[in-house]
Amino acid sequence: MTKKKVSKKVKKPKETQAEKVMNEFLDWVGEQNPEALYPSDLKDAIVGVVERCGTEPLIVLDKQECIRIFVERDGMTEEDAWDHFSYNVIGGYVGEGTPFFLTKIEDVMM
């Protein structure tokens, strides 16, 4: 029998209330529609779900928040962030569970 060393457990940082709510929400979405997908690196841009008659809920992300994440987290210029978003995020169809991306009225009219 091969013996393995027992590794010390690493304490995980305590989940914030916002993270707890988001994880519970994503669990709920997964129960409603196991095919629903989202870009895991853009989890903070999730604003809810969209539904219509005859379809299961799909995740919706805020486009402007996606751009903000790319600029602040990844150090992209706004122009580079939009290029990246257009080509790699919104341009990436991954099947029926592909998420939606929201353009808010104030983002168009201001």
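Observations on the model:
- Test: residue in region 79-93 that is among the charged types (D, E, K, R), in contact (Cβ under 8 Å) with a residue 24 or more places away in the chain and either farther than 14 Å from residue 39 by Cα or touching a strand residue (DSSP E or B) at 6+ places or on another chain (Cβ under 8 Å) (or both): no
- Condition check for residue 90: over 21 Å from residue 24 (Cα atoms), in contact with a Leu (Cβ under 7 Å, 6 or more places away or on another chain) and β-branched (Val, Ile, Thr): no
Residue by residue, here is whether (1) exposed (fewer than 15 other Cβ atoms within 10 Å of the Cβ); (2) under 21 Å from residue 18 (Cα atoms); (3) of a type in the set (Lys, Arg) holds:
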position	(1), (2), (3)
31	yes, yes, no
58	no, yes, no
77	yes, no, no
80	yes, no, no
94	yes, no, no
107	yes, no, no
110	yes, no, no
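Any read-out appearing in this document is the output of simple, stated calculations on the displayed coordinates, not a laboratory observation. Being a predicted model, the structure only gives us computed values, none of them experimental. A quick note on method: Cβ atoms are made from the backbone with ideal geometry, for glycine too, and the neighbour counts reach across all protein chains shown.
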